[in-house]
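Notes to accompany the following structure.
The values are calculated or read from the model by the stated rules, or taken from the named source; none is laboratory data. Worth saying up front: this structure is predicted, and the values here are computed from it rather than measured. Heads up, the Cβs are rebuilt from the backbone with ideal geometry, glycines too, and the neighbour counts pull from every protein chain shown. These accessible areas exclude ligands, DNA and RNA; they are computed on the full protein's heavy atoms, side chains included. Shrake-Rupley method; radii C 1.70, N 1.55, O 1.52, S 1.80 Å.
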Amino acid sequence: MKRLVALCLALVFVQAAAQGYPSKPVRMVITFPPGGPSEILTRLVAERLQPVFGQPFVIENRAGAGGNIGADAVARSPADGHTFGITTDTLFDVNPLVYARMPLDPWRDITPVTLLGSFSQMMVCNPKMGVKTLAELLSAAKRERLTYASGGAGVPGHLAAELLLTTTGGQMVHVPYKGPAAAAADVMGGQVHCGFLATPTVLPHVKAGRLTALAVSTARRSPLAPEVPTAAEAGVPGFDAPFFLVLFAPSGIDAAILKRMSDEFSQALATPEVRQRAALMDVTTLGGSPEQATATLRAAAAKWESVVKRIGLRLD
């Protein structure tokens, strides 16, 4: 009987907390510089949620250290539902493996709320190579020393390329850059043979004939470039390397607030306008429960751990 009373009181407390929420502006900490897909998508959703919640959503960019700096700021914030973060899945499934000095434990200090969306990387080559397909590139890599560019060590393009090489038994030399734009410039200039790079960055150059697109990293074709095959379609069966934008909160957040934010974000992400705008940035909107987000991140962590160990990647 006492246990039943305690459960009822707890339910009343949770419902009361949710009903009075939010009581002030909601802070959204984005772990990347201004202007990227994560910020644009967050603003699209925030515009729809402000009337629902009756409070403004304040965007704050806290970039650096692969998302660690912004995530740490969220982890140290009160778990009252007024501070959230937006990052990529690599904060959860790669950073703990590669950073010697992590300021937080993402599996303990923060909690996933929902997956905002998934995105791919596109394998592109310099047209002068004469390579037209992914199979031709992998064959050439077995005959000669090839190099590939990425936007930096440990970023999605680097990971996707190394997973591709692990899967196919190929070898290429990694050349990291400070961002995909600089990497694409050197692929176009012939300093590097190819690169797994952000689709929105390289697609204009593909359409202009300055780069040749071979495949995207995901099991589904990119909504931004549906004419480009997946790696699986291009000759690497089963290959799938999606990356995710993740909404997260400080650990200890009230369960009712966590569910409400997850539900509201999921509904906004499912609207046609948000889905269409996201597709223009190579993002496929997702949504879903905190439990679903956590399961997806755990599966990704298991996949990337073997890749990180194989290449001996360490940062900081």
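Data for the structure
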| quantity | calculated |
| --- | --- |
| Filter result (out of contact with any Gly (no Cβ under 6 Å at 6 or more places or on another chain) and in a helix (DSSP H, G or I)) within the stretch 87-108 | Thr90, Phe92, Asp93, Pro96, Leu97, Pro106, Trp107, Arg108 |
| Condition broken by Ser118, with the remaining ones in (1) in contact with a helix residue (DSSP H, G or I) (Cβ under 8 Å, 6 or more places away or on another chain); (2) within 30 Å of Leu269 (Cα to Cα); (3) crowded, with 16+ Cβ neighbours inside 10 Å satisfied | (1) |
| Helices (runs of 4 or more DSSP H) contained entirely in the stretch 252-315, each with at least 1 residues that are open to solvent by 20 Å² or more (accessible area, probe 1.4 Å), in contact with a helix residue (DSSP H, G or I) (Cβ under 6 Å, 6 or more places away or on another chain) and of a type outside the set (D, E, K, R) | 255-269, 290-311 |
| Residue that is over 22 Å from Lys303 (Cβ atoms) and crowded, with 19+ Cβ neighbours inside 10 Å, where the choices are Gly20, Gly85, Gly67 | Gly85 |
| Restricting the stretch 37-90 to residues that are touching a strand residue (DSSP E or B) at 6+ places or on another chain (Cβ under 7 Å) and among the acidic types (Asp, Glu), the residue that is modelled with the lowest pLDDT | Glu39 |
| Contacts under 7 angstrom Cβ, first residue in the stretch 282-308 being of a type in the set (D, E, K, R), partner outside any loop (DSSP other than H, G, I, E, B), 6 or more apart | Asp282/Phe119; Asp282/Thr199; Asp282/Pro200; Glu305/Leu97 |
| Residue among Gly152, Gly190, Gly157 that alone is under 24 Å from the mean Cα position of the chain (by Cα) and at positive phi | Gly152 |
| Residue within the stretch 177-198 that is among the β-branched types (Val, Ile, Thr) and assigned to a strand (DSSP E or B) present | no |
| Within the stretch 109-123, tally of residues that are assigned to a strand (DSSP E or B) and small (Gly, Ala, Ser) | 2 |
| In the stretch 29-63, residue surrounded by the most Cβ atoms within 10 Å (Cβ to Cβ) [restricted to those that are free of Cβ contacts under 8 Å to residues at least 40 places away in the same chain and assigned to a strand (DSSP E or B)] | Phe57 |
| Single match in Val98, Val94, Val113, Val131 (criterion: open to solvent by less than 20 Å² (accessible area, probe 1.4 Å) and modelled with pLDDT of 95 or more) | Val113 |
| Matching residues, the stretch 74-126, being within 30 Å of Pro204 (Cβ to Cβ) and aliphatic (A, V, I, L, M) | Ile86, Leu91, Val94, Leu115, Leu116, Met122, Met123, Val124 |
| Glu305 being more than 16 Å from the chain's Cα centre (by Cα), more than 18 Å from Glu47 (Cα to Cα), modelled with pLDDT under 95 and of a type outside the set (S, T, N, Q) | yes |
| Yes/no for Leu159 being touching a strand residue (DSSP E or B) at 6+ places or on another chain (Cβ under 9 Å) and crowded, with 16+ Cβ neighbours inside 10 Å | yes |
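Yes or no, residue by residue, for (1) surrounded by 23 or more Cβ atoms within 10 Å (Cβ to Cβ); (2) out of contact with any helix residue (DSSP H, G or I) (no Cβ under 7 Å at 6 or more places or on another chain); (3) of a type in the set (Asp, Glu):
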residue: Gly170; (1), (2), (3): no, no, no
residue: Ala181; (1), (2), (3): no, no, no
residue: Leu203; (1), (2), (3): no, yes, no
residue: Thr212; (1), (2), (3): no, no, no
residue: Ser217; (1), (2), (3): yes, no, no
